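Worksheet for the structure shown next.
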Amino acid sequence: MLLGVTLLTFVLTRVLPGSPIDQIAGPMASQAQRQALLVHYGLDRPLWAQYVAYLRGLAQGDLGTSFVTSRPVAADLAAFFPATMELTTVAMLLAVLLGVPLGVWGAVRQGSWVDHVTRVLAVAGVALPVFWVSLVLIYLCFYRWHLVPPPMGRLGALVTPPPTVTGFLLIDSALARDWAALGDAARQLILPVAVLAFAAVAPLARIARTSMLDVLATPYIRATRSLGVPWRSVVWTYALRNAMLPVLTMVAIVYGFLLGGSVLVETLFAWPGMGRYAFNAISGNDYPAVQGFILYATVVYLVIFVLVDLVSALLDPRVQT
Amino acid sequence: MLDVRGLRVAFHTRRGVVPALHGVTFSLAPGTVTGLVGESGCGKTLTALAIMRLLRPPAEIQEGDVRLEGRDLRFLREREMARVRGEGIAMIFQQPRASLNPVFPVASQLVHVLRLHRRLSRGAARAEGEALLARVGLARPDAVMRAYPHQLSGGMCQRVMIALALACRPRVLLADEPTTALDVTVQLQIVELLRGLQRELGLTVLLITHDLGLVAEMCDHVHVMYAGRIVESATAAALFRRPAHPYTRGLMAARVGTGGRALPTGIPGRVPALAETPSGCPFHPRCPLAGPGCAEQDPGSEAVEAGHAVRCHYWRSGVA
Amino acid sequence: MVAEAAYLLRRNPITLVGLLLLVLIAAASLAAPLLAPYTPLGTDPGAALQPPSAQHWMGTDEFGEDVWSRVLWGGRIDLLIALGAVAIALVSGCALGALAGFSGGWADEVVMRAMDVLQAFPSFILAMGIAAALGPSLRNLIVSVALINVGVYARLMRARLLVVKHAPYAEAARGAGNPPWRVLLVHLIPNCLTPIFVQSSLQSGWAILTAAGLSFIGLGVRVPTPEWGVMVAMGVARINAGEWWVSFYPGVMIALAVMGFNLIGDGLQDLLDPQRR
């Protein structure tokens, strides 16, 4: 499986048009210099040999060296990873905390105004393009109404970052008791998180609603009610547990969507994360960086799926691990 | 104890409102076992669910009176009705394993119900739960408490359900086909269990079944249902001695007899789909006694003898 | 079937809205040559960056092109991308799924593993990779979007086929002497199509979003082609100067089109799966 993934990424990036050598060497380089660079980067060897070399490097955790920054891709990605993770994780948490209760409420009180609002939100969240929503919010909240700081990255220009422990600014500044930095980091997070969360709430609310509706119609919920358990307990203590299983799977899928969306959002908010790194890499024909990013993102995605599987197994005793 | 009068239930479908129960009326006397007999689709389960107010859209109660010890159940607020469920009336269902929540161990639900209805502490509830499981005939109550429904057999699940119902100390028990989904040997055990418990606790039971043998064993009174109506009511003894309605007689003839009897004869035709209920008496297309007037007018209730009523125009011509 | 559809449309006015929306957009795009007051590539530097007015309903962009006209013409491109990509994904995905489901054995293994690999990637990121590899152009954009959706159709087709393969009518057809490929084509596949149609509607919406996103970061269609995603990108730098209309309207169109597709997809689901409410 992983082999297939690496193969595909490799093939894709090698097919990138334009030669990176032109980028690195610049227009003034002589033929001899170009040749030397080709050899240096191993680009003169046949493709399959390059692939094998790449795999060998992978086994040692080496993702190659960026053509643009001349630093190991693995190091670059590791440096930018926490920024993206903080963004997507906070957005995901917000989406779950908002979306699931909304979906459940919509299922329990079908036809109420909450139900209608949730359905409209769900349709909107799925249909509105992430990059457009970002722009609209930046325009309104920053430019027009001056509600949020300028979209210039994770911290305001004049704020010093706290010492790095986890790479998550929110956690690090809390640990260092640097409340000014914490507040600033939080303020910078508001808009990009809002955009991503809005997109993520939609599918989560939907699946929560559908799942809850299905569960409420089952014979076992009917049996629970027949024993005189009050409706509130039926929904929140019993049905919720049953309904959460499909929601969890959707969380994993939405995470993948957020990872993709982070490319768009990070570029617009000047967020120093993996997404922006990838964007720059693609524009610069930086093979190893692009490859590295795709692999990294995919591995993160797979890890999340595994985590979700584990949690599902905990919740549902029928699943055999 | 429990009075049902003129219960009408209908389904709201794409093709309009389809009636399912047409004025069902019966009473349960305290401490007795009453059977509600009929083939699948005649509305027996629907009646029980309507009494418990567990119907979900598109089904809806349109008319009727349901009273528990004189108290009107139909117009109670949901919170009040939840209190009646369990302590007033409890129900056991047809598919035991499907009726237990798969992601909770048996202990959770049992303990919750015990604490809810009897206000026991957690420890006392656990102990009582195990005692109940033992009472319904489970060999290793402690193991069952920890188990999940998918780890238990059908018979064990049914016993657990009975334990759950008993935990509420109900006055009335609605048993919807409690043995149908089980193996034959297990069926006998469950029947024994139910009989014993009913006698011991003086429960008022409504036994819903299509099995006449079960009725003969357990029931004091019987009501026969067809197409959403009660077509005959009598004591069990009277019903078996002198079945009046052609449908009841058809059901009796369809049983496998013991020793030297003729082969069972089925009733020709099939139970009509809800939306295609025949006019007048719904049984007339399949009825050997059908005559003029049967297709036009639904028969009213007539007395065969004291305590024995039937709804048929021509029942006399069939009865010896 | 028509009566049921009419009943459902009356019960679900939202689906009707979706249908109308999409029909409107499609009609407007098709009629672009007639409706657009200006040509989509007609630059007019003197009229650059004007806010919405009577002459330019949606304002003009930095080259002086009328946004409303470009939006109309853009509709053709975006709808073409969506329908084209979905059509390609559908045909190839179903073919692969049919091959896997019908033949079984190692063909099944190989195809399904390939689909697994495809689906292991977060879809937008994979699309980025493919689009980057192929180079930015309209055709390559369609191909990229199509490729990331193939897996969905393959899986659907295969799952349905596995169920339907053993149905009595299939056995009967085979027993009557039909060669396997004929049984597949004539008898089995038509019975697998219903969930696929529902999916297609939803996939079309997603296709537009992906295509617009790719174009936005420069991996799809390029300036000056009027495509909604590219148009939003063109307006990014203008936001800070307060010229919001360049990005705003194309984005709204994307949202409306996607919403239309999604609502139709939901309606189809309700129609075909009567237990859903």
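The values are calculated or read from the model by the stated rules, or taken from the named source; none is laboratory data. Keep in mind the model is a prediction, meaning the values are calculated, not measured. Cβ: placed from backbone, ideal geometry, glycine included. Neighbour counts: every protein chain shown.
Just one of the listed residues (C:LEU219, C:LEU214, C:LEU209) is within 8 Å of chain A (Cβ to nearest Cβ), closer than 21 Å to A:PHE279 by Cα, modelled with pLDDT of 80 or more and assigned to a helix (DSSP H, G or I), namely C:LEU209.
Scanning segment A:236-247 for residues that are surrounded by fewer than 19 Cβ atoms within 10 Å (Cβ to Cβ) and more than 9 Å from chain B (Cβ to nearest Cβ) yields A:TRP236, A:LEU240, A:PRO246. The single condition from (1) farther than 14 Å from B:ILE208 by Cα; (2) modelled with pLDDT of 85 or more that B:THR13 fails is (2).
Going through (1) surrounded by fewer than 19 Cβ atoms within 10 Å (Cβ to Cβ); (2) away from chain C (no Cβ under 13 Å); (3) outside any loop (DSSP other than H, G, I, E, B); (4) not aliphatic (A, V, I, L, M) one by one, A:ARG177 falls short only on (3).
Out of A:SER262, A:SER233, report the one residue that is within 14 Å of chain B (Cβ to nearest Cβ) and not hydrophobic (A, V, I, L, M, F, W, C). That would be A:SER233, the only listed residue that is within 14 Å of chain B (Cβ to nearest Cβ) and not hydrophobic (A, V, I, L, M, F, W, C).
B:GLY202 meets the stated requirement of being at pLDDT 85 or above, surrounded by fewer than 14 Cβ atoms within 10 Å (Cβ to Cβ) and within 30 Å of B:ARG135 (Cβ to Cβ).
For A:VAL235, the test of being among the aliphatic types (A, V, I, L, M), under 28 Å from B:ILE162 (Cα atoms), outside any helix (DSSP H, G or I) and in contact with a Leu (Cβ under 9 Å, 6 or more places away or on another chain) is failed. Here A:GLY111, A:GLY183, A:GLY106 are screened, and the one residue that is crowded, with 21+ Cβ neighbours inside 10 Å and either of a type outside the set (Lys, Arg) or assigned to a helix (DSSP H, G or I) (or both) is A:GLY106.
Among the residues of segment B:190-208, those identified as part of a helix (DSSP H, G or I) and closer than 18 Å to B:GLN94 by Cβ are B:ILE190, B:VAL191, B:LEU193, B:LEU194. Of the residues examined, A:TYR296 is one that is more than 30 Å from B:ALA48 (Cβ to Cβ), crowded, with 19+ Cβ neighbours inside 10 Å, more than 7 Å from every other protein chain (Cβ to nearest Cβ) and not hydrophobic (A, V, I, L, M, F, W, C). Can you confirm whether segment B:20-39 contains a residue that is part of a loop (DSSP other than H, G, I, E, B), within 9 Å of another protein chain (Cβ to nearest Cβ), in contact with a strand residue (DSSP E or B) (Cβ under 9 Å, 6 or more places away or on another chain) and at pLDDT below 90? No, segment B:20-39 contains no residue that is part of a loop (DSSP other than H, G, I, E, B), within 9 Å of another protein chain (Cβ to nearest Cβ), in contact with a strand residue (DSSP E or B) (Cβ under 9 Å, 6 or more places away or on another chain) and at pLDDT below 90. State whether the residues of segment A:93-106 include one that is within 14 Å of chain C (Cβ to nearest Cβ) and touching a helix residue (DSSP H, G or I) at 6+ places or on another chain (Cβ under 6 Å). Yes, some residue in segment A:93-106 is within 14 Å of chain C (Cβ to nearest Cβ) and touching a helix residue (DSSP H, G or I) at 6+ places or on another chain (Cβ under 6 Å). Annotation: B:ARG255 fulfils all but one of (1) of a type outside the set (S, T, N, Q); (2) part of a loop (DSSP other than H, G, I, E, B); (3) under 29 Å from B:GLN297 (Cβ atoms); the unmet one is (3). A search for C-beta distances below 7 Å between a residue of segment A:163-186 that is free of Cβ contacts under 8 Å to residues at least 60 places away in the same chain and any residue that is in a helix (DSSP H, G or I) and among the charged types (D, E, K, R), counting only pairs 6+ apart in sequence or on different chains, returns A:PRO163/A:ASP172; A:THR164/A:ASP172; A:VAL165/A:ASP172.
Using beta carbons and a limit of 8 Å, which pairs, at least six apart or on different chains, have the first residue in segment C:107-124 and within 7 Å of another protein chain (Cβ to nearest Cβ) and the second one assigned to a helix (DSSP H, G or I) and of a type in the set (S, T, N, Q)? Matching pairs, first to second residue: C:ALA120/A:THR298; C:PHE121/A:THR298; C:PRO122/A:THR298; C:SER123/C:THR210; C:PHE124/C:THR210. Within segment B:89-112, the set of residues being facing another protein chain (nearest Cβ under 8 Å), in contact with a Leu (Cβ under 8 Å, 6 or more places away or on another chain) and more than 19 Å from B:GLY155 (Cβ to Cβ) comprises B:ALA90, B:VAL103. Residues of segment A:260-267 include none that is within 23 Å of the chain's Cα centre (by Cα), within 29 Å of C:ILE125 (Cβ to Cβ) and not in a helix (DSSP H, G or I). Among the residues of segment A:218-226, at least one is touching a strand residue (DSSP E or B) at 6+ places or on another chain (Cβ under 7 Å) and either farther than 30 Å from A:LEU77 by Cβ or in the same structural domain as A:TRP132 (by TED's automatic domain parsing) (or both). Does C:GLY242 qualify as being out of contact with any strand residue (DSSP E or B) (no Cβ under 6 Å at 6 or more places or on another chain), at the interface with another protein chain (Cβ under 10 Å from one of its Cβ atoms) and either surrounded by fewer than 24 Cβ atoms within 10 Å (Cβ to Cβ) or within 18 Å of C:ASP66 (Cα to Cα) (or both)? Judged against the criteria, C:GLY242 is a match.
For segment B:74-117, which positions are among the charged types (D, E, K, R) and over 28 Å from B:GLN187 (Cβ atoms)? The answer is B:ARG74, B:ARG77, B:GLU78, B:ARG79, B:GLU80, B:ARG83, B:GLU87, B:ARG115.
The residue list A:VAL165, A:VAL104, A:VAL159, A:VAL201 contains one member that is modelled with pLDDT of 75 or more and out of contact with any Gly (no Cβ under 6 Å at 6 or more places or on another chain), which is A:VAL104.
Taking segment B:281-320 as the range and being outside any loop (DSSP other than H, G, I, E, B), touching a residue at least 40 places away in the same chain (Cβ under 8 Å) and closer than 19 Å to B:PRO268 by Cα as the test, the residues that pass are B:TRP315, B:GLY318.
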